[in-house]
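Read the figures in this text as sums done on the coordinates, not as results from a lab. Just so it is clear, the structure is predicted and the values come from calculations on it, not from any experiment. Reconstructed Cβ throughout: ideal geometry from the backbone, glycine too, with neighbour counts over all protein chains shown.
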Amino acid sequence: MPHKRVVIVAGGTMTAELLNLLDEEDYIIGADRGALFLVSHGITPDLSVGDFDSVSPEEYEAIQKGSKEIMSCDPINKDLTDSELALDLALGLQPESILMTGVTGSRLDQTLAAIQMMTRAQQRQVNCTIVDAHNYITLTGSQAVVEDRGYTYVSLLPLTPEVTGITLEGFQYPLDNATLKLGQSLAVSNRLLGATGTVAIESGLLLILQSKD
């Protein structure tokens, strides 16, 4: 059965405030220690998934009791991170959108892997967003409306070798038919002028990162 939105809560950096993003209609997946975070805050995951190698036997028992369904996998013989496994399961539900939180933190490898995984959703034409306490990250291959969500900066970074035809409207520093290549920081630390701004591109994949200190 398709769901409007699937929310993935992983075991990275999380705050209780981020749980305010959840809606009662969401299908919620807890990935490994993210499932424990949900259960310990009184939220019942629809599905908890992972190898659960980062939780104690007592914590795993709490996850089992607090989840509607649980899917445990071998921590040795698996090819996917817990977050990617959760994303695969989320995509299988054919949602309109996916929100991922707890996928960023001190592990830069895990953070970059999560950002790159957004392309998987993009290929399926599913809108995917990563949120943490300081960042709101989306990905576009065509056009996106950027809303003022209380973040200070809006930065654009190419996720393909080149992004062409970048046009910005409603930003302090506009662009008109610009090109960004990997390694360039031309579009870092822009600002919205009002409640919304528009980002349009002709080719490539462009990360839109709203951030604050």
_Within 11 Å, Cβ to Cβ, of Leu36, how many net charges do the neighbouring residues add up to if Lys/Arg are +1 and Asp/Glu are -1?_
-3
_Cα gyration tensor category, rounded, prolate or oblate, for segment 109-148 with a/c compared to 1.5_ = oblate
*Using a basic spin-label model with each label point 7 Å from the Cα along Cα→Cβ, how many nm lie between Glu162 and Met71?*
3.9 nm
*Leaving out same-chain residues fewer than 8 places away, which aspartates and glutamates sit with a Cα under 18 Å from that of Lys212?*
Glu17, Asp132, Glu147, Asp148
*Helix 108-123: angle to the longest alpha-carbon principal axis of the chain, degrees 0 to 90, nearest 10?*
80 degrees
*Against the longest principal axis of the chain, how steep is helix 82-92, in degrees 0 to 90 to the nearest 10, with axes from Cα atoms?*
80 degrees
*Using 0.36 nm per residue, how much length does the chain from Glu61 to Thr196 gain when fully extended, once their Cα-Cα distance is taken away?*
44.1 nm
*Return the distance in nm (one decimal) between the two label points of a simple spin-label model at Gln123 and Gln172, each offset 7 Å from Cα along Cα→Cβ.*
3.8 nm
_Relative contact order of segment 68-140, pairs being alpha-carbon contacts under 8 Å that are 6 or more residues apart, as %_ = 27 percent
*For n ≥ 4 DSSP H runs only, could you compute -39500 (n - 2.57) per run for the chain, divide by its residues and tell me the 222 nm figure to the nearest 500?*
-6500 deg cm²/dmol
*In percent, what relative contact order does the chain have, based on Cα pairs under 8 Å that are 6 or more apart in sequence?*
19 percent
_Beta bridge orientation in segment 58-185: antiparallel %, DSSP, nearest 5_ = 50 percent
_Just to be sure I understand: if I project the alpha-carbon convex hull of the chain onto a plane and average over all orientations, what area do I get in nm²?_
11.9 nm²
*Taking the Cβ-Cβ separation of Lys4 and Leu186 as r and a Förster radius of 25 Å, what is the calculated FRET efficiency to the nearest 0.05?*
0.10
_Relative counts (whole %) of C-alpha pair distances in segment 140-211, using bins that are 5 Å wide_ = 4, 19, 33, 27, 13, 4, 0
*Highest to lowest packing among 28-35, 66-73, 203-210, 48-55, scored as the average C-beta count within 10 Å*: 28-35, 48-55, 203-210, 66-73
*asked:* With the crude spin-label approximation of a point 7 Å out along Cα→Cβ, what separation in nm comes out for His134 versus Ala16?
replied: 2.2 nm
